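Structure first, commentary second.
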Amino acid sequence: MAEHSTFRLDGRPIPFAPGQTIMDAALAAGAYIPHLCHHPEFAPHGSCRVCVVCADGREVSACTAPAAKDMEVESQSESIRALRVSILQMLFVEGNHVCPACEKSGACQLQAVAYDCGMLEPHFTHFFPRRAVDASHPDVILDYNRCILCELCVRASRDQDGKRVFAISGRGIGSRLIVDSPTGRLGDSRFAITDKAAHVCPVGAILPRRGGYRVPIGERLYDRAPISRVGDVAANEEA
Amino acid sequence: MDTRVRPKLRVATTSLAGCFGCHMSLLDIDERLIDLVELVELDRTPLTDIKTIGDCDLGLIEGGVGNAENVEVLRTFRHHCKVLVAVGACAVNGGIPAMRNSFALSDCLEEAYIDGVGLYNQGIPNDPELPLLLSQVHPIHEVVKVDYFLPGCPPSADAIWTFLTELLAGKPIGFPYTQIHYD
Amino acid sequence: MLNPSPSRIAAAVERSLARLGRDPSLVLQHLIALQQTFSFVPPAGIDRLVAALGVTRAQILAAIDFYAFLHLAPRGDYDILFSDNITDRMLGNGRLMTQLCQLLGMSPGSTRADGLVSVGLTSCTGMCDQAPAMLVNGLALTRLDDARIRRIAALVDTRVPLPHWPQAFFAVSNNVHRPGLLLSDLEPRDAGLAALRQQGPDAVLAEIERAGLRGRGGAGFTTALKWRFCREAAHPEKVVVCNADEGEPGTFKDRVLLTSYADLVFEGMTLCAGIIGAREGFLYLRGEYRYLLEHLEAVLQRRREQGLLGQGMADTGTDFDIRIHLGAGAYICGEESALIESLEGKRGVTRKRPPFPVTEGYLERPTVVNNVETFLAAARIAEHGGYWFRSEGTDRSAGSKILSVSGDCERPGIYEYPFGTSIARVLGDCGAQRTQAVQVSGAAGATLGVDEFQRVLAFEDLPTAGSFMVFDDSRDLMEMVRNFADFFVHESCGFCTPCRVGGKLLRDLVEKVAARKASRHDLDEMRRIADVMRRASHCGLGHTAPNHVLNTLDKFPQIYASRLASADHTPAFDLDAALAEARALTGRDDVGAHIAADVGC
Ligand SMILES: Cc1cc2nc3c(=O)[nH]c(=O)nc-3n(C[C@H](O)[C@H](O)[C@H](O)COP(=O)(O)O)c2cc1C
Ligand code: SF4
Ligand code: SF4
Ligand code: SF4
């Protein structure tokens, strides 16, 4: 490439290669854009909408929008922050997120992104859906109350594990995660703790057993430093 | 030295469907309590055992709304307090008590009063003195207008301190990163 | 119905496999076939499809759960669904459904205990010009009234097989009241294909470009450009798809085009194939129009026999054929990328873009998706030339637009106008009186008040896919808002947060207003939610779903204001009702067992 193309993210020049999305280029340059369903190892998805940015005056999801030369991208403005908070609040009221009773708390991406965006309350009316907990698998608990339908487990199981253990069923507000097994239970599926899918859930929906509360409160991943500084759970687990 | 007597802020607090943990956290501000007492004057609160509420500047609500009495107390606070604050996870989103929302009320009551082990004289209590339970536990903003939210289970003493001092100073309230948490 | 025997199920699956094939992309078509045969998809059928097609059980269950017309539990032998567009409601579909249920001794939204009949609601079935309408075992039945309902109840209770029901019940009229540029010429001559043979693809594409034809499905993308992009895409196997999902509430013009002008639509698709070099074509037909399937298959078969499709079709040296895929009750499948997912047998969830279908569509092949009317117009342009088409319309909106007019007017039906025609003109022609509002381009479109009736139908003013619903001054527009808000909750695909969650939050607030329990604060909340949906949703459904709320808040504020509670904040739920369960469990009904409205201190 003769010339390095750049776009501007909140005024800061970000170099990019052809084909890169705004998110790819930003992360590569060490600039954080809040996200939940995005994971660099998997094809961009664009469903959570938390990575919404304003690119040349149009709101797009940074994880799916291609970077373009000289584009002006706004991510940290008050208007985008407020929009993200509303989207996060929608995710919180849709499920049942009782952080004080959740093993993932402190290292949960939904929580961490909400902290980073300054969300203090869920604002909307809670749905309080009645959802199940599937404890049939010896190594993993599947708690549907906390699933945010990011499809990372679906993608990991399909694209990396080659198993297609998970799928999203239904539609609209009735959408839900299901498991491919004769009984629909995880314990009867081909899922294994060594699967990639066991380690990509950004929230406490797919929780490996025997790992809870190991790290004292105050020392957990996002207790001291925001996700915008320390990055995703997945990146930290591998490190 | 400024000798004018600043009118003190009248503050009331209560715990609805909560565990008093948030009140304990309030007490955890330790020696800063002394500073605080200079600035505020307590109205109805379990800390002083004052049982009726007068007109207040600030109402701090711990706990969600789980029964008819909670509704009544919350409304009373809303009517008497200029500023109402949801303090802690239960007030903010229902918290641990709202975990019962995953079950039908009949299942909860039957488990507690009929099917549970070691019970005698089984039966769901129906004394008119007892407040009836709502079918679900709700965060307080689903019942009344709430002006501020202070998350945490409980919110840390530092967060409470930040909130109170900035509110008293009439500043927009901003928490340092480490003071925002939901657990 | 009795549970079907394993051997019947096995035979049905084998028949379906033999007829349609074993490609995994056909799984949805097989499921529709099983649903049709058994009134549900039996578990043994799922097992067999898993084995035969190499799809997972989860994928099949997910699809059954997604498509409104597929079921895991048996429906009644007579599966009755009342069309529930606002225009059906205005003509009393609710009353008729109650009446039918009373006659049959059952409640709406259920299957009768003996399994004979189910009665429920479904989204707009595209019969608004002859509403109220229903589907019985997937077949459209129109012009319902008390007498028809009584007959239907009797036919069901005496178990008269559907083919023996009075044929008049199933009559669907075209109701073309104003033919224009396209509709005044009924005769199929395949002259467009002749032009393709004589002048070659470049010349014909140039005519379509000259015509300035823009897509008739709503978005208005320039058709020639779309075809050119697809033709220039690298992948050699191109695909042509005709979008006959026509799910936008109040639209029914594609129904008429497929009924009476199918040859022209197929000709347009064939032209497109000739130009872009496609061998594979699909017509994606909404499930509600299944009654047209036989007719359309027959037209295709005749065209194959005429050498206009199939090997060496139309002497253009290419092979092109068209298959019909059915939808199964999902409005989102009209969105082109969701449609492609559905063609591939999956849940109809919209894809991200880029890539656009013209570069990566059906099975990652470059795919042109166009509306029924677009293909028809292309065929006529190939015949008459670009200038002929341009002779009508405006600079930026060439040609004519076919409208589906329904609601409060004397002559609901099909009207074709040059682009640039005013709302007032249409209202005059269809015999609308004392009109208070017009909903242009369906539930996703714009709500217009009287002072806007001079605005014109054109991409530069009021873009429209053709739906035109009229509301006179006797109507309560809140009923329209409720209907649309429900529609979008039901039809959201659920992929993205703002539409999936925001749509339900918005609907719940609309219901709160309608129940006179909302405060001014709730109206601000509605705007806030609408703003999130418009700005942050993934696809057009979520972007447009709150339009009707925002439009009516701005233009018809009284329908909200007149219902607001005086308090500036009201609870999100009914407090006293929330004690009902506890009252029942304790047998209490004293004063303390109730929560009164908050009247201050
Ligand atoms: C929610 C939604 C539903 C749609 N439904 C239809 C439809 O029923 N028919 C249609 O032709 N286009 C529909 N569209 C537009 C299609 O995505 C696409 O733009 C169109 O089929 C392209 O054809 P055209 O260029 O000929 O208009 C819909 C779009 C959205 C967002
Ligand atoms: S998954 Fe995250 S947000 Fe949800 S309860 Fe657990 S810690 Fe809280
Ligand atoms: S279980 Fe976790 S990874 Fe899977 S969809 Fe739900 S939130 Fe995403
Ligand atoms: S906007 Fe609605 S229909 Fe479109 S992708 Fe999002 S959830 Fe699906």
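For the range B:164-183, a residue qualifies if it is under 22 Å from B:ASP57 (Cα atoms), in contact (Cβ under 8 Å) with a residue 60 or more places away in the chain and in contact with a helix residue (DSSP H, G or I) (Cβ under 9 Å, 6 or more places away or on another chain), and the qualifying residues are B:LEU164, B:LEU168.
Considering the conditions (1) away from ligand 4 (no atom under 16 Å from the Cβ); (2) within 16 Å of the chain's Cα centre (by Cα); (3) free of Cβ contacts under 8 Å to residues at least 60 places away in the same chain, A:CYS63 is excluded by exactly one of them, (1). The set of residues from the range A:47-91 being touching a Lys or Arg at 6+ places or on another chain (Cβ under 7 Å) and assigned to a strand (DSSP E or B) comprises A:VAL52, A:GLU59, A:SER61, A:GLU72, A:VAL73. Filtered by the rule that a residue be near ligand 1 (Cβ under 9 Å from one of its atoms) and within 14 Å of another protein chain (Cβ to nearest Cβ), the range C:335-383 gives C:GLU335, C:SER337, C:ALA338, C:THR350. Determine whether C:ASP598 is open to solvent by 50 Å² or more (accessible area, probe 1.4 Å), at pLDDT below 95 and under 30 Å from B:ALA104 (Cα atoms). Yes, satisfied. Reported count of residues in the range C:262-276, each being in contact (Cβ under 8 Å) with a residue 60 or more places away in the chain and surrounded by fewer than 24 Cβ atoms within 10 Å (Cβ to Cβ), is 1. Residues being farther than 30 Å from A:CYS48 by Cα, small (Gly, Ala, Ser), surrounded by 18 or more Cβ atoms within 10 Å (Cβ to Cβ) and within 13 Å of another protein chain (Cβ to nearest Cβ) are entirely absent from the range C:471-490. On the basis of being within 22 Å of the chain's Cα centre (by Cα), modelled with pLDDT of 95 or more and more than 12 Å from chain A (Cβ to nearest Cβ), does B:LEU150 make the cut? So B:LEU150 fails the test. For the range C:444-452, the condition holds for no residue, the condition being that it is more than 8 Å from every other protein chain (Cβ to nearest Cβ), open to solvent by 50 Å² or more (accessible area, probe 1.4 Å), in contact (Cβ under 8 Å) with a residue 24 or more places away in the chain and farther than 28 Å from C:ALA338 by Cβ. Close contacts from the range C:497-525, counting a first residue that is part of a loop (DSSP other than H, G, I, E, B) and a second that is polar (S, T, N, Q), with Cβ to Cβ under 7 Å and a gap of 6+ residues or different chains, come to C:LYS517/C:THR570; C:ALA518/C:THR570; C:SER519/C:THR570.
I'd like to check something: does the range A:132-148 contain any residue that is within 16 Å of ligand 4 (Cβ to nearest atom), open to solvent by less than 10 Å² (accessible area, probe 1.4 Å) and touching a strand residue (DSSP E or B) at 6+ places or on another chain (Cβ under 7 Å)? No: zero hits.
Just one of the numbered conditions (1) under 33 Å from the mean Cα position of the chain (by Cα); (2) surrounded by fewer than 18 Cβ atoms within 10 Å (Cβ to Cβ) is not true of C:HIS521: (1).
Only helices (runs of 4 or more DSSP H) whose full extent lies in the range B:18-116 are considered here, and the ones with at least 2 residues that are at pLDDT 95 or above and open to solvent by 40 Å² or more (accessible area, probe 1.4 Å) are B:68-80. Of all residues in the range A:2-47, exactly one satisfies the criterion of being within 14 Å of chain C (Cβ to nearest Cβ), surrounded by fewer than 18 Cβ atoms within 10 Å (Cβ to Cβ) and touching a Ser or Thr at 6+ places or on another chain (Cβ under 9 Å), namely A:PRO18. Taking the listed residues A:ILE148, A:ILE80, the one that is facing chain C (nearest Cβ under 9 Å), at pLDDT 95 or above and farther than 17 Å from A:ASP195 by Cα is A:ILE148, with no other qualifying.
Got a number for residues in the range C:561-584 being in contact with a strand residue (DSSP E or B) (Cβ under 9 Å, 6 or more places away or on another chain) and within 8 Å of another protein chain (Cβ to nearest Cβ)? Total satisfying the criteria: 9. Taking the condition within 12 Å of ligand 1 (Cβ to nearest atom), out of contact with any strand residue (DSSP E or B) (no Cβ under 6 Å at 6 or more places or on another chain) and away from chain A (no Cβ under 14 Å), does C:VAL265 pass? In short, yes.
Of the residues making up the range A:121-160, those that are under 14 Å from A:PRO208 (Cβ atoms), touching a residue at least 60 places away in the same chain (Cβ under 8 Å) and within 15 Å of ligand 2 (Cβ to nearest atom) are A:VAL140, A:ILE141, A:LEU142, A:ASP143. Does A:GLU103 satisfy being away from ligand 3 (no atom under 14 Å from the Cβ), surrounded by fewer than 22 Cβ atoms within 10 Å (Cβ to Cβ) and among the acidic types (Asp, Glu)? No, not satisfied. Please indicate, with yes or no, whether at least one residue in the range A:108-118 is under 30 Å from C:GLY345 (Cα atoms) and surrounded by fewer than 23 Cβ atoms within 10 Å (Cβ to Cβ). No - not one qualifying residue is present in the range A:108-118.
The single condition among (1) within 23 Å of C:ASP202 (Cα to Cα); (2) among the aromatic types (Phe, Trp, Tyr); (3) open to solvent by 20 Å² or more (accessible area, probe 1.4 Å) that C:PHE459 does not satisfy is (1).
Conditions (1) of a type in the set (A, V, I, L, M, F, W, C); (2) facing chain C (nearest Cβ under 10 Å); (3) in a helix (DSSP H, G or I), marked per residue:
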site	(1), (2), (3)
A:VAL93	yes, yes, yes
A:PRO100	no, no, yes
A:GLY106	no, no, no
A:LEU110	yes, no, yes
A:GLY118	no, no, no
A:PHE128	yes, no, no
A:ILE141	yes, no, no
A:ARG155	no, no, yes
A:GLY162	no, no, no
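The values are calculated or read from the model by the stated rules, or taken from the named source; none is laboratory data. Source: prediction; values computed, not measured. FYI the Cβ positions are ideal-geometry reconstructions off the backbone, even for glycines, and counts take in every protein chain you see. Surface areas here come from the heavy atoms of the whole protein model, side chains and all, with no ligands, DNA or RNA. Shrake-Rupley method; radii C 1.70, N 1.55, O 1.52, S 1.80 Å.
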